[in-house]
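Contents: one structure, followed by commentary.
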Amino acid sequence: MIDTNLLQLICFYGFAAVTVGAALAVISLKNSVHAVLSLVLAFFSTACIWLLAEAEFLAIALIVVYVGAVMVLFLFVVMMLDIKMEQVREGFIRYLPVGIIVALVMLAEMLALIGVRAMHAHVMGANPATVAGLSNTAWLGEALYSQYLLPFEVAALILTVGVVVAVALTLRHRGDKKHESASEQVRVNPRDRIRVVKMAPSRPDEPTSSEEPLQ
Amino acid sequence: MGEQLLNELVLPVVYILCIAVPLILAVAMFVYWERKVIGWMHVRMGPNKVGPWGLLQAFADVVKLLIKEVILPSSANRFLYYLAPLLALVPAFAAWAVVPFDDRMVLANVNAGLLYLLAMTSLGVYGIILAGWASNSRYALLGAMRSAAQVISYELAMGLSLVCVLVLAGSLNLTDIVHAQAGGKGLFDWFWLPLLPVFIVYFISGVAETNRAPFDVAEGESEIVAGFHVEYSGSAFAIFFLAEYANMILVSFLASIFFLGGWLSPLQGWIHADAPNWVNWIWTGSIIWLLIKAFLMSFLFLWFRATFPRYRYDQIMRLGWKVFIPITIVWVLVAGCMKYFGLVLAGTGA
């Protein structure tokens with residue numbers, strides 16, 4: 001008999017190990033495309049861990065949004081770049097102490113947060129979705145659109161502002177830009193563009209027909 | 001112990017084979033059918049030499065491809081070059097796990113099936129991009145770039161049009177989505193009627209997502225030879241080919257499930273006769289209806305290819321971002337109003 005809890009635990013540690021390994025590969029691999037692919041793997045195994053925690057919506061949204069769209073664009077950019085690896089190596093060694101300090105501070109903060117939570121002994125309740133008898137997605141939707149409507153809308157507004165800013169920053173108008181209007185192209189009347197000329201049939205050997213140029 | 005092993009390990013593998021093997025055969029016959037149909041549309045014969053009516057042509061091609069040498073271009077990235085075809089193939093097959101063929105005939109009846117499908121179809125682009133990059137060829141890289149931009153653009157329109165389906169059905173489960181289209185008004189109970197613009201947008205986005213004509217700039221024979229798979233030969237090319245056709249069949253099945261009532265009969269609710277099972281399915285619905293619908297939808301792919309010239313890259317982007325996405329956003333609101341005011345009732349019958 002296979003114990004389900006044990007199996008879940010094994011799966012968790014497996015996915016967690018892959019995530020950590022992939023994250024390490026992101027910063028250590030020489031080839032930048034390989035590094036981006038490791039990041040994709042890290043996202044993917046994180047999604048698997050979330051699936052284990054029964055957060056199916058978040059897990060699949062992570063794959064759809066980050067793996068399926070954001071990382072594709074990232075890969076797109078990285079493939080276009082011509083990165084000189086020696087300079088990157090140099091920077092890696094030079095900024096390593098700073099990186100280690102930042103990592104240590106983050107670790108300390110996380111431990112403190114978890115420690116404070118643990119001191120309050122705030123036991124996580126049962127999965128609210130199962131309590132409400134809904135699927136994870138349905139419960140998340142109801143909670144977001146009723147209980148947390150205002151923060152949700154604020155987040156949406158911030159994202160919209162971000163899109164507008166990104167477009168405004170990158171949009172450049174060039175004076176000599178040639179551009180086609182699709183609606184104009186559709187509205188074109190063939191009669192304005194070509195003229196069908198009806199000509200009487202003529203023989204080339206007769207001298208009278210040579211006056212008209214052949215179209 | 002033995003029985004548990006059988007139920008948990010052997011049976012799923014058998015079910016998976018029951019989907020995968022017919023799918024591969026369907027791809028082979030679909031290639032034959034495509035060449036035949038396009039031949040007829042061009043007033044040609046199409047393949048007619050191998051086997052009766054040329055039926056074995058596809059198998060002859062498969063054998064030919066498999067015994068060819070797989071060539072690795074110089075200074076190509078070996079690992080990614082061989083990984084890319086698999087990355088294209090795996091999502092194309094994995095997506096079939098949640099496709100319901102019948103009321104009970106589904107491999108995994110998951111609640112977030114629609115999201116899972118979106119995730120799987122969005123992963124397929126990695127195979128194309130990596131193939132283009134790992135080949136160390138300019139043509140392949142250009143094809144990969146075009147494909148990446150195109151797939152991401154049309155994924156948005158596709159996702160938003162599925163939101164409309166989701167609003168009307170009230171569920172992400174594909175079986176429930178089909179049940180929501182049941183009713184007493186025959187084929188007018190299906191979602192194609194209230195969601196007509198979205199249905200068209202969805203199918204055209206599906207054509208663009210699978211990089212098929214007229215959206216096949218990723219291959220663009222006249223400009224970039226064969227695009228992302230220009231360096232691939234033999235079985236590696238065959239895998240790309242298999243993935244592309246499996247995706248086309250998948251999009252046809254999904255369009256039938258989301259908008260054309262899946263396995264439901266177009267005569268549902270009109271005939272209430274009591275007949276033996278082999279006649280009954282005509283009005284109670286069965287997998288045969290789903291296969292007929294998917295066949296008709298997949299025929300559209302071939303029809304498009306024989307009819308339309310290839311879109312230019314900027315025209316593709318304009319169509320995706322400036323036409324399809326606004327249409328779907330407006331229709332999400334329309335679908336919400338239809339649901340709110342009770343104009344469309346999900347699953348009134350059966």
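The values are calculated or read from the model by the stated rules, or taken from the named source; none is laboratory data. Keep in mind that this is a model prediction, so the values were computed, not measured. Neighbour counts are summed over all protein chains in view; Cβ atoms, including those assigned to glycine, are modelled from backbone coordinates with ideal geometry. Quick note on the areas: whole protein, heavy atoms, side chains included, nothing else; ligands and nucleic acids left out. Shrake-Rupley method; radii C 1.70, N 1.55, O 1.52, S 1.80 Å.
Here are the numbers for this structure:
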quantity: Relative contact order [Cα under 8 Å, 6+ residues apart], chain B, whole percent; calculated: 22 percent
quantity: DSSP H segments from chain A that extend 27 Å or more along their own axis, Cα-based, with Kyte-Doolittle mean of 0.0 or above; calculated: A:4-28, A:32-52, A:96-120, A:149-170
quantity: Solvent-accessible area of A:PHE12 with every protein chain in place, 1.4 Å probe, in Å² to the nearest 10; calculated: 80 Å²
quantity: Within a Gaussian network of chain A (alpha carbon springs, distance under 10 Å), most fluctuating of A:ALA42, A:ALA168, A:ALA200; calculated: A:ALA200
quantity: Sites B:ARG44 and B:PHE308, calculated FRET efficiency, Cβ-Cβ separation with R0 25 Å, nearest 0.05; calculated: 0.85
quantity: Within 10 Å of each Cβ in B:124-136, the average number of Cβ atoms from other chains; calculated: 2
quantity: 0 to 90° range, to nearest 10: angle between helix B:78-94 axis and chain B longest Cα axis; calculated: 20 degrees
quantity: Cα convex hull volume per residue for chain B (Å³); calculated: 166 Å³
quantity: Shielded residues, the range B:38-81 - accessible-area loss of 20 Å² or more between chain alone and all protein chains, probe 1.4 Å; calculated: B:ASN77, B:LEU80
quantity: Accessible surface ranking that places the most exposed of B:HIS179, A:HIS173 first, with a 1.4 angstrom probe; calculated: A:HIS173, B:HIS179
quantity: Largest-first ellipsoid semi-axes for the range A:1-88, taking √(5λ) over the Cα gyration tensor eigenvalues, angstrom; calculated: 30, 16, 6
quantity: Residues in the range B:168-214 that, when all protein chains are in place, have 20 Å² or more less accessible area than the chain alone would give (probe 1.4 Å); calculated: B:LEU172
quantity: Peptide B:141-153, shielding by other chains (average Cβ, 10 Å cutoff); calculated: 2
quantity: Residue-averaged [θ]222 nm for chain B, counting only DSSP H segments that reach four residues, each worth -39500 (n - 2.57); calculated: -20000 deg cm²/dmol
quantity: Too-long pairs where the Cα-Cα distance tops 24 Å, listed order kept, from B:LYS64/B:LYS293; B:LYS49/B:LYS293; A:LYS30/B:LYS68; B:LYS293/B:LYS322; B:LYS36/B:LYS293; B:LYS36/B:LYS64; calculated: B:LYS64/B:LYS293; B:LYS49/B:LYS293; A:LYS30/B:LYS68; B:LYS293/B:LYS322
quantity: Tilt relative to chain B, helix B:11-41 - C-alpha long axis, 0 to 90 degrees, to 10; calculated: 70 degrees
quantity: Degrees, to the nearest 10: B:138-169 long Cα axis against longest axis of chain B; calculated: 0 degrees
quantity: The range B:1-152: C-alpha gyration tensor shape, a/c 1.5 cut-off, then a/b vs b/c; calculated: oblate
quantity: Förster radius 45 Å - calculated FRET efficiency between B:ASN7 and A:VAL167, Cβ distance, rounded to 0.05; calculated: 0.25
quantity: Unit charges at the beta carbon, dipole of the protein assembly as shown: most positive-side option, B:GLY186, B:THR284, A:VAL33; calculated: A:VAL33
quantity: Residue-level accessible surface for B:ILE329, protein heavy atoms, 1.4 Å, Å²; calculated: 90 Å²
quantity: Share of carbon and sulfur in the accessible heavy-atom surface of chain B [1.4 Å probe, %]; calculated: 71 percent
quantity: Residues of the range B:98-139 with amide N under 18 Å of a point placed 7 Å along Cα→Cβ from B:PHE295; calculated: B:101-102
quantity: Centre separation in Å (Cα based) which lies between the range B:119-141 and the range B:267-339; calculated: 28 Å
quantity: Accessible-area ranking of B:TRP33, B:TRP263, largest first, probe 1.4 Å; calculated: B:TRP33, B:TRP263
quantity: Stokes-Einstein D in µm²/s, Kirkwood radius over Cα pairs - the protein assembly as shown at 37 °C with 0.692 mPa s viscosity; calculated: 120 µm²/s
quantity: Cα gyration tensor, chain A - rounded (a/c under 1.5), prolate or oblate; calculated: prolate
quantity: The range A:1-88 - percent relative contact order, Cα under 8 Å, separation 6 or more; calculated: 26 percent
quantity: For chain B, accessible area per residue (1.4 Å probe, heavy atoms of protein chains only), Å²; calculated: 45 Å²
quantity: Length-normalised contact order for chain A - Cα pairs under 8 Å, 6+ apart - percent; calculated: 12 percent
quantity: Ranking by accessible area, most exposed first, for A:ARG174, B:ARG310 with a 1.4 Å probe; calculated: A:ARG174, B:ARG310
quantity: Cα-based Rg / Dmax (Å) for the range B:9-74; calculated: 16.1, 51
quantity: For the pair A and B, total buried accessible area rounded to nearest 100 Å², probe 1.4 Å; calculated: 2300 Å²
quantity: Average beta carbon contacts from partner chains per residue of B:108-121, 10 Å cutoff; calculated: 4
quantity: The range B:1-58 and the range A:131-181: distance between their alpha carbon centers, rounded to Å; calculated: 42 Å
